[in-house]
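Have a look at the structure below before the remarks.
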Amino acid sequence: MDDLVRGGLDLTVLDSVEVDPLREMDALQEVQLLDSRVCHLTSTAAILFELRTSLQFDVGNAALFVVRGLRSFDWNLPERRLPLTALTVVSSVPGRLSDSFHVRFEFFPKAHLSVVGSLAEFYVLESEGIGEVPPDYSSLDLEQVQDALPSWSSSCSLLQASMSR
């Protein structure tokens with residue numbers, strides 16, 4: 001996954017995504033937010049999603065959303081979450097304004113994330129060794145949940161990709 005974030009891959013050899021979250025509203029409905037990273041040196045944000053809960057995607061179990069030329073990364077979580085709970089996308093709204101790509105995600109329980117940058121990329125991945133269904137957050141501890149989810153260090157195959165400039 002780090003290779004995708006760093007860039008330099010030839011995306012023309014990959015299949016296009018079935019539903020394109022860089023262009024279509026709510027394409028990521030019901031996926032779960034797993035993690036995000038911001039690299040200030042490269043002005044890049046990367047957002048990792050769980051795809052096994054997706055309403056739109058029939059292939060892959062993980063997704064990576066990368067925004068380059070990062071101008072803004074706004075995360076808002078109004079209150080601390082207890083017990084351990086997945087954050088599920090209820091709305092995703094991508095768009096373009098002149099030379100900027102922007103996307104806003106709304107989550108359940110209540111949280112939101114807005115990202116603005118020059119361009120965006122979206123990757124559908126098959127992460128190895130995590131099983132067919134996501135973990136039950138209510139019956140496992142944090143380490144057990146994390147072991148059953150895609151992560152930055154997961155071995156994975158790249159299935160589909162999309163780019164917005």
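The values are calculated or read from the model by the stated rules, or taken from the named source; none is laboratory data. Please read these numbers as outputs of a predicted model, since none were measured by experiment. We place every Cβ from the backbone using ideal geometry, glycine too, and count neighbours over all the protein chains shown.
Out of the residues in the stretch 109-165 that are outside any helix (DSSP H, G or I), in contact with a Leu (Cβ under 9 Å, 6 or more places away or on another chain) and among the β-branched types (Val, Ile, Thr), which is nearest to VAL90 (Cα to Cα)?
This residue is VAL115.
Every residue in the stretch 79-104 that is modelled with pLDDT of 90 or more and closer than 18 Å to ARG52 by Cα, please.
LEU87, THR88, VAL89, VAL90, SER91, SER92
I'd like to know if the stretch 137-157 contains one or more residues that are over 16 Å from the mean Cα position of the chain (by Cα), surrounded by 15 or more Cβ atoms within 10 Å (Cβ to Cβ) and aromatic (Phe, Trp, Tyr).
Yes; the residues of the stretch 137-157 include at least one that is over 16 Å from the mean Cα position of the chain (by Cα), surrounded by 15 or more Cβ atoms within 10 Å (Cβ to Cβ) and aromatic (Phe, Trp, Tyr).
Restricting attention to the stretch 61-110, which residues are among the β-branched types (Val, Ile, Thr), under 24 Å from TRP152 (Cα atoms) and surrounded by 14 or more Cβ atoms within 10 Å (Cβ to Cβ)?
Scanning the stretch 61-110 gives VAL66, VAL67, THR88, VAL89, VAL90, VAL103.
Would you check if there is a residue in the stretch 149-159 being farther than 23 Å from THR42 by Cβ and among the aromatic types (Phe, Trp, Tyr)?
no
Restricting to the stretch 112-128, name every residue that is free of Cβ contacts under 8 Å to residues at least 60 places away in the same chain and either farther than 20 Å from GLY7 by Cβ or basic (Lys, Arg) (or both). Quick ask: steps written out before the conclusion?
At the first step, the residues of the stretch 112-128 found to be free of Cβ contacts under 8 Å to residues at least 60 places away in the same chain are 112, 114, 116, 118-119, 128.
Residues satisfying the conditions are HIS112, SER114, GLU128.
Is it the case, given these coordinates, that ASP58 is more than 15 Å from the chain's Cα centre (by Cα) and not in a strand (DSSP E or B)?
Here the answer is yes, as ASP58 does meet what is asked.
Looking at (1) in contact with an Asp or Glu (Cβ under 7 Å, 6 or more places away or on another chain); (2) within 19 Å of LEU149 (Cβ to Cβ); (3) among the polar types (S, T, N, Q), which is the one condition that is false for SER36?
Here SER36 clears every test but (1).
Among the residues in the stretch 6-17, are any within 15 Å of the chain's Cα centre (by Cα), among the acidic types (Asp, Glu) and either modelled with pLDDT of 95 or more or not in a loop (DSSP other than H, G, I, E, B) (or both)?
no
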